[in-house]
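In what follows, a single structure is set out as structure tokens and then discussed.
The values are calculated or read from the model by the stated rules, or taken from the named source; none is laboratory data. Values in this document were obtained by computation on a predicted structure and should not be read as measured data. Here the Cβ positions follow ideal geometry from the backbone for every residue, glycine too, while neighbour counts run over all protein chains shown.
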Amino acid sequence: MSRPVFREAMEECYAKLTELGLLIQDILNDCMGLPPGFLKEYNSDRGLDVMVALRYFSSSSREGEEIGLSEHEDGSCVSFVFQDGVGGLEVLKDGQWIAAEPADGSIVVNIGDVLRVLSNNTFRSATHRVVRKAAHRHSFGFFWSIHGDKWVEPLTEFAAKIGGAPQYRGFKYNEYMQRFMKSRTDPQARPEDAFSVSHYAI
Ligand SMILES: O=C(O)CCC(=O)C(=O)O
Ligand SMILES: [Fe+2]
């Protein structure tokens with residue numbers, strides 16, 4: 001594919017993903033019982049959305065190289081993953097890793113930490129990872145984000161709805177993202193010291 005054609009295809013893809021993000025955000029807005037358009041207005045800046053192409057090398061017999069992407073929760077608001085047929089994406093449920101089997105034409109939708117905090121831990125960002133398989137794997141992610149200056153804290157609507165106290169302290173998204181990215185690129189010696197949204201848990 002020539003470069004201008006590739007660029008055009010990517011731009012079209014990005015525009016479609018933005019439409020998808022807006023749609024899913026509206027659906028989540030309803031599911032969360034928020035006033036119509038609340039999330040759309042809260043999250044009106046599309047500047048930090050990011051699309052990434054990922055490539056995982058095939059597994060080798062060397063110990064310690066089984067994991068392609070270590071366990072984490074997404075720091076976004078919502079994220080979308082397109083995977084090829086190789087597989088390897090796993091989700092942690094009740095202490096067990098469950099394979100998110102690739103299915104043609106499907107998109108994996110993950111709740112990110114922003115929604116987890118806004119919803120006062122009602123909508124949870126799932127812990128997931130990628131294990132290497134015998135073949136190389138390609139995937140493609142789109143992270144529906146929020147503006148870096150945004151303040152993230154449990155919405156009072158939720159505290160009222162679940163009748164409990166806020167479960168997180170508020171934070172500025174930029175600061176949280178910087179610590180999140182540092183912990184991903186410069187991991188702690190002890191995995192239990194890794195930075196995650198639980199840092200803000202009350
Ligand atoms: O490659 C995948 O299937 C998942 C990628 C992922 O979880 C991420 O980039 O946050
Ligand atoms: Fe992820």
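Could you tell me whether segment 114-126 includes any residue that is within 16 Å of ligand 2 (Cβ to nearest atom) and over 14 Å from the mean Cα position of the chain (by Cα)?
No - not one qualifying residue is present in segment 114-126.
Output the number of the condition that TRP97 fails; it satisfies all remaining conditions of (1) within 16 Å of ligand 2 (Cβ to nearest atom); (2) exposed (fewer than 13 other Cβ atoms within 10 Å of the Cβ); (3) farther than 21 Å from TYR14 by Cα.
(2)
Which count do you get for residues in segment 61-84 that are farther than 30 Å from ASN174 by Cβ and either within 16 Å of ligand 2 (Cβ to nearest atom) or surrounded by 11 or more Cβ atoms within 10 Å (Cβ to Cβ) (or both)?
3
Got a number for residues in segment 128-157 being within 13 Å of SER76 (Cα to Cα), touching a strand residue (DSSP E or B) at 6+ places or on another chain (Cβ under 8 Å) and surrounded by fewer than 22 Cβ atoms within 10 Å (Cβ to Cβ)?
Going through segment 128-157 one residue at a time, the tally reaches 4.
In segment 39-62, which residues are part of a loop (DSSP other than H, G, I, E, B), within 16 Å of ligand 1 (Cβ to nearest atom) and under 19 Å from VAL131 (Cα atoms)?
Within segment 39-62, PHE57, SER58, SER59 meet the criteria.
When you look at GLY33, is it away from ligand 2 (no atom under 16 Å from the Cβ), without any contact (Cβ under 8 Å) to a residue 24 or more places away in the chain and more than 19 Å from PHE180 (Cβ to Cβ), yes or no?
Considered against the rule, which asks whether it is away from ligand 2 (no atom under 16 Å from the Cβ), without any contact (Cβ under 8 Å) to a residue 24 or more places away in the chain and more than 19 Å from PHE180 (Cβ to Cβ), GLY33 comes out as no.
When you check SER139 against the structure, is it of a type in the set (Gly, Ala, Ser), in contact (Cβ under 8 Å) with a residue 12 or more places away in the chain and closer than 12 Å to VAL114 by Cβ, yes or no?
no
Determine if segment 150-159 includes at least one residue that is without any contact (Cβ under 8 Å) to a residue 60 or more places away in the chain and part of a loop (DSSP other than H, G, I, E, B).
Yes, segment 150-159 contains at least one residue that is without any contact (Cβ under 8 Å) to a residue 60 or more places away in the chain and part of a loop (DSSP other than H, G, I, E, B).
Is it the case, given these coordinates, that GLU90 is more than 17 Å from PHE143 (Cβ to Cβ) and either more than 21 Å from the chain's Cα centre (by Cα) or among the basic types (Lys, Arg) (or both)? Show your work before the answer.
Working: more than 17 Å from PHE143 (Cβ to Cβ): yes; either more than 21 Å from the chain's Cα centre (by Cα) or among the basic types (Lys, Arg) (or both): no.
No, not satisfied.
Of the conditions (1) modelled with pLDDT of 95 or more; (2) buried (at least 17 other Cβ atoms within 10 Å of the Cβ); (3) touching a helix residue (DSSP H, G or I) at 6+ places or on another chain (Cβ under 9 Å), MET32 clears all except one; give me its number.
Failed condition: (1).
Considering segment 63-82 alone, what residues qualify as being assigned to a strand (DSSP E or B) and either within 8 Å of ligand 1 (Cβ to nearest atom) or without any contact (Cβ under 8 Å) to a residue 40 or more places away in the chain (or both)?
Selection gives GLY68, LEU69, HIS72, SER79, VAL81.
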